[in-house]
1. Need the failing condition index for Val201 against (1) loosely packed, with under 12 Cβ neighbours inside 10 Å; (2) more than 27 Å from the chain's Cα centre (by Cα); (3) under 24 Å from Ser139 (Cβ atoms), just the number.
2. Go through segment 165-203 and give me each residue that's farther than 29 Å from Leu319 by Cβ, touching a Lys or Arg at 6+ places or on another chain (Cβ under 8 Å) and without any contact (Cβ under 8 Å) to a residue 40 or more places away in the chain.
3. Does Ile262 satisfy being touching a residue at least 12 places away in the same chain (Cβ under 8 Å), among the hydrophobic types (A, V, I, L, M, F, W, C) and surrounded by fewer than 19 Cβ atoms within 10 Å (Cβ to Cβ)?
4. Return only the number of the condition from (1) free of Cβ contacts under 8 Å to residues at least 12 places away in the same chain; (2) surrounded by 11 or more Cβ atoms within 10 Å (Cβ to Cβ); (3) not aromatic (Phe, Trp, Tyr) that Asn276 does not satisfy.
5. Residues in segment 286-296: is at least one over 19 Å from Gln316 (Cβ atoms) and either surrounded by fewer than 12 Cβ atoms within 10 Å (Cβ to Cβ) or in contact with a Lys or Arg (Cβ under 6 Å, 6 or more places away or on another chain) (or both)?
6. List the residue pairs whose Cβ atoms are under 9 Å apart, where the first residue sits in segment 293-306 and is on the phi > 0 side of the Ramachandran plot and in contact (Cβ under 8 Å) with a residue 12 or more places away in the chain, the second is loosely packed, with under 12 Cβ neighbours inside 10 Å and of a type in the set (D, E, K, R), and the two are 6 or more positions apart or on different chains.
7. Check Thr358, Thr346, Thr388 and return the single one that is touching a Ser or Thr at 6+ places or on another chain (Cβ under 6 Å), more than 13 Å from Ala296 (Cβ to Cβ) and either in a strand (DSSP E or B) or outside the structural domain of Phe290 (by TED's automatic domain parsing) (or both).
8. Taking segment 85-97 as the region of interest, how many residues are out of contact with any Lys or Arg (no Cβ under 8 Å at 6 or more places or on another chain) and surrounded by fewer than 20 Cβ atoms within 10 Å (Cβ to Cβ)?
Amino acid sequence: MKFQKVILLLVLVGAINTLQAQVRFEAKVSKSTLGINERLRVDFEMNQDGDNFNPPNFNGFRVLGGPNQAISNSYINGKRSYSKTYSYFLSPQAIGTYTIGQATIDIDGEIYKTIPIEVTVTSAVEVPKDGNNADYVASENVHLVAEISNLNPYLNEAITVTYKMYVSRDVSISGNWRELDSPKYADFWSQTINPQGNLKVYDGKYQGQEYRYVILRTTVLYPQKTGELDIEPLTLDVPIDVPGNKRDLFGRRLVTRVNQTISAGKRTINVKPLPNEGKPDTFTGAVGDFKFSVQANKNILNANESLELSVRVSGQGNLKLFDPPSVKLPSSLEVYEPERTENVRTTADGMSGSITDTYTVVPQFKGMYPVRPVSFTFFNPSTKTYQTITSEEIVIEVENGPATNAARGGGQNEATSDKRAVTLSKDQFKYIKLTPDLESMEDEPFFKSLLFWLLLGVPLLLIPLFIFIGKKRDQRLADVQGSLLRKRNRLARKYLGEAKRNMNDQTAFYNALERAFHNYLKAKLSIETSDFSKERIELLLSERGVSPAVAKHFVELLESCELARYTPAATGAIRQDYDKAVTVISEIDKQLIQ
């Protein structure tokens, strides 16, 4: 009997492990019954990563936001836990019962579907429950958008992806966001342009509503394949401050900070192939709008002198993704491998600038040498046509130097003369310096030199200094109360400086001045905000040796800060309050008994 129980227990454990290893893909709704003036959140959650997610049609609802993608990947006691969620925010359009249809996902080659969910929409409720939910308010007021300049470009035509974060005026973002998932550009040549310095805030509209937005980054893409190409989403974890209905001791609205995961969503572009009709044989992949030239730095020279022949392509397009055409020169000219020079910059409009191949040419014999015209072909997406530019013929005249056999009239034909050995001039390598006048770099030995002893002894002398600094640092860290007081002192100075910068803004000035006073009192008198009363402050200041007149001035300044919330103040009064604050704090510092 005991043996049978053991067998049964093992079977149950194996069945549980099998169920745990199964793929789970399900739909969840924030509520099954809601008013027509409320909002519905729908989450499609899976426990394994999948592709080709297809949401239902959401008949009866209007999509306000989504899909927002969230990924959780953690290890607890060596066991991996993974979840991926696509979230939508919906607004019902009419009263009735509706069905959230099936969503599908492809996981490891298998198609999984969610179970349909019924949702009942009733008449409007007096107070929508979601209106007081900070997470819901944050999700409704912050959006990440990927704007693509062209969804149907040609192969190798530049497109720009601009990532914008829209924030309504009902919430604010005061912390730093964190990037959870970066876009992948597997089938593109890409370059990201990050904004310089602080992000600039713009006014704009999102779905017809007034919003503020910032441009997080701009990425320039050149598609390298044709057909449908996916641009993976950018996903951020953003701390959002949501104002509540409650207020603090000073009348300010209390703020709830929530972390929201927002995503720009995956985008798909359709890349067109370049047309075959009218494509010249000289086309090598240049796409854009270009100019082309072939130039020599001199046309007249002597044998064994060098000249530079430059092949230059300039304009706007995929400059780094093709090679300029090569030049063909007579065989009697000695030509070296070209040197590539790139002067290309990438902006939001794509690559622009120039690339130049510079050939070094050394003629051996006297004569006239033509450089045949060179053709360069590019495809212009604006005109949707191929354009060919042909350079002019260049003639190189070598005035002095040995003549070829044909020029001497040796009586042999060109085929025979080509087979005879060429006698080179004695000045063939005159540009090579045979007597370089090199000087010895050997110096006095390093071992046992002054520098050697300094490098050996100075670290030993610094050890006691490091020990002393370390002890002082440990003492400073151990002094928790002192650290707290120093921090409050710094905050007081910070807010006092902020008040000075905001003298033109009465509200901001008095808020900063009030915070400076509070932090100053916390640092000097070791009291908390709950103990702030005028009588208590005057009593503590008097006990610490501050004269009654100075203590009274300090309390009057606190009263000015409180009154400034309700009554306007002139610029002169603000300046007078600031000067008075600096004087009073200075007097307290002088009189205060530590």
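The values are calculated or read from the model by the stated rules, or taken from the named source; none is laboratory data. A quick note: this is a predicted structure, and the numbers were derived from the prediction, not measured. Cβ sites come from the backbone with ideal geometry, for glycine too, and all protein chains shown count toward neighbours.
1. Failing condition for Val201: (2).
2. If the condition is that a residue be farther than 29 Å from Leu319 by Cβ, touching a Lys or Arg at 6+ places or on another chain (Cβ under 8 Å) and without any contact (Cβ under 8 Å) to a residue 40 or more places away in the chain, then Val201, Tyr202, Asp203 are the ones that fit.
3. Working: touching a residue at least 12 places away in the same chain (Cβ under 8 Å): yes; among the hydrophobic types (A, V, I, L, M, F, W, C): yes; surrounded by fewer than 19 Cβ atoms within 10 Å (Cβ to Cβ): no.
So Ile262 fails the test.
4. Failing condition for Asn276: (2).
5. Looking for residues that are over 19 Å from Gln316 (Cβ atoms) and either surrounded by fewer than 12 Cβ atoms within 10 Å (Cβ to Cβ) or in contact with a Lys or Arg (Cβ under 6 Å, 6 or more places away or on another chain) (or both), one finds none in segment 286-296, hence no.
6. From segment 293-306, the pairs are Asn304/Lys430.
7. On the way: Thr358 fails: more than 13 Å from Ala296 (Cβ to Cβ); Thr346 fails: touching a Ser or Thr at 6+ places or on another chain (Cβ under 6 Å).
After applying the criteria, what remains is Thr388.
8. Here the count works out to 5.
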